Each structure stands twice: as C-alpha cells, then as structure tokens.
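The values are calculated or read from the model by the stated rules, or taken from the named source; none is laboratory data. In this text the structure is predicted, and so the values were computed from the model without any measurement. Here the Cβ positions follow ideal geometry from the backbone for every residue, glycine too, while neighbour counts run over all protein chains shown.
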Amino acid sequence: MVCGVLCSLGSPARAVRPFVTDDARVVGEYLAQAETWVRGDRRSFQHWLLCAVSPWAPLELTIGVVHGASYDGTPAAYAVHGPVLQAKALLWEPRPNGRPGLALSFGATAPHGYGAFQQHDWERFGYLAVTESLLSEERLLLHANVGMLVAGGANGAGDVTTYTWGIGAQLRVIAGLHVVGEVISGDPYEPTAGGAGQAGFRYILSDRVQVDATVGGGLWGETRLPMWGTAGLRLVGGPIDKWFRRPRNKS
C-alpha cells in the first residue's frame, strides 16, 4: 500500500482524499504517494486506495481502486470497482499571500468490477483546481474546483453530463493539527454524489505522513447522500527516479 520508499522530504500541506475538493499541487518530481481511507454510511463500507507518482515535476499520474461491502436494503455483499485513472498538470504553484495556484486534471473510471460498486460504462471527468495560500507558513489554504463528469446513462441510455464544483478550506490550529471543511456539488470519482458537505481534522505527523478524519452528509439533490464518516492516511516517499531510467547495456 505504500508507493515508494519513505524518506525525508519537504512537502507542503495538501488537500488530499477523503477531502473531495482537490488542490493545485502535485506530489513533486520523482516522488510517490499513497492515499488510503475508509468511508462508512448506512448503505456501504468502502476502502479506497490511490497511488500517485510524478515522473516529471509538473505532472502527477494516479491509479486507484475501491472495494468493500454494500448493504443498501439487502444482505451485505462484497463489491469492487476500478481502476480510477487520473493525470494532473500543475500550471503554476500558489504564492503565499499572492497569486493562487492553478492545476488541470483529467481522468476516467473503467467499467470493471463486481457487485453494487460496479459501473456499466466508462466515466470521464475533468476539472480545474485553484489553491490560495494565506497567512504565514500556509496557515490557511483555500481550494476551489470546477469541472464536469460524463457517465453512461442507465439501461443503455446516452451519456449524462454533470457539472461539478467544490469549495474547501484547511486551517492550521496548533502544531500539525488542521481543521478542514468543504461544500461540494458532485464528486468526479462517484457519479451518484449530489450536493454535500463534510468537516473534520487533519494531523500532519511529518512531511511524509498525515492522518485525517471527517464527518459529512448530503445537503441537496434528488436523493441526498446519507451521513458518513471517514478516516484516512497519506504516505509520501521517494525519490523514484530510478523507475524511469533506461537500463544501461552491459559490455
């Protein structure tokens, strides 16, 4: 579950899953990260795992999967879905108390899996991420996303396009403790998500390890999402440049 060998490195606080609103940053050249979290509500219990690498400073490539149990009005049954594939390009970094950062992300989820989590067609998504860094030492980070999700309709119907957005904030309280909160409309990884909000905490143990927990629920939509809880872990490691080196010919 760890993408890379852990090492000491300088990595700023990031808006990572289970925080849906993404940040305008990438993991860093020749670094890797693993984001893993669990999410439970009255419909299902999910375990997510996303692994990302940066073979080139402005680019981050991610692959992920979700599995767990579904029990929405039926006996509990195992389900799995994925992979999620995503590429994020950093256009420019945020400047503290200055110009906000900007990143562009595109991805897709394959129609593979088993059980209630499986989708029956490709889902494609894209969004623009903006991050503003305020106060000293990134004490306050503000994030905003706007994008769209295109998914196949039910029973073979044509594609359905949903516009997504999110606004979130992360505030350092003391030492490594941050409070986080967001309001979203749609989730690029889950086409059934409507308007929702969540809040919680993130504790940055070091530049390479952080943990978080949130509580959230649906705010609007035809079918509001039930209240949920999450707990997550992020690990960063590297350098991984040897993965991208061409082998030398031995004489």
Exercise. Would you check if there is a residue in the stretch 106-116 being in contact with a Ser or Thr (Cβ under 8 Å, 6 or more places away or on another chain) and either outside any strand (DSSP E or B) or surrounded by fewer than 16 Cβ atoms within 10 Å (Cβ to Cβ) (or both)?
Key: yes
Practice problem: Determine whether the stretch 52-65 contains at least one residue that is hydroxyl-bearing (Ser, Thr, Tyr) and within 25 Å of VAL26 (Cβ to Cβ). | Solution: yes
Quiz item: Only one of (1) surrounded by fewer than 16 Cβ atoms within 10 Å (Cβ to Cβ); (2) within 19 Å of the chain's Cα centre (by Cα); (3) charged (D, E, K, R) is not met by ASP72, so which one is it?
Solution: (2)
Quiz item: Any idea which of (1) modelled with pLDDT under 95; (2) within 15 Å of LEU235 (Cα to Cα); (3) surrounded by fewer than 21 Cβ atoms within 10 Å (Cβ to Cβ) is the one ALA15 doesn't satisfy?
Solution: (3)
Quiz item: When you go through ALA144, ALA151, ALA199 one by one, which is the residue that is at pLDDT below 95, part of a strand (DSSP E or B) and more than 28 Å from GLY238 (Cβ to Cβ)?
Solution: ALA151
Exercise. Confirm whether GLY186 is of a type outside the set (A, V, I, L, M, F, W, C), in contact (Cβ under 8 Å) with a residue 24 or more places away in the chain and on the phi > 0 side of the Ramachandran plot.
Key: yes
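Does ARG124 satisfy the condition of being of a type outside the set (Gly, Ala, Ser) and assigned to a strand (DSSP E or B)?
Yes, satisfied.
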Quiz item: Which one of these does ARG95 not meet: (1) more than 17 Å from GLU190 (Cβ to Cβ); (2) assigned to a strand (DSSP E or B)?
Solution: (2)
Self-check item: Residue that is surrounded by the most Cβ atoms within 10 Å (Cβ to Cβ) [pool: residues in the stretch 208-236 that are within 14 Å of GLY186 (Cα to Cα) and of a type in the set (A, V, I, L, M)]
Solution: LEU225
Quiz item: Is there any pair with a first residue in the stretch 63-75 that is without any contact (Cβ under 8 Å) to a residue 60 or more places away in the chain and a second that is in a loop (DSSP other than H, G, I, E, B) whose Cβ atoms are under 6 Å apart and which are 6 or more apart or on different chains, and what are they?
Solution: ALA69/ALA76; ASP72/ARG43
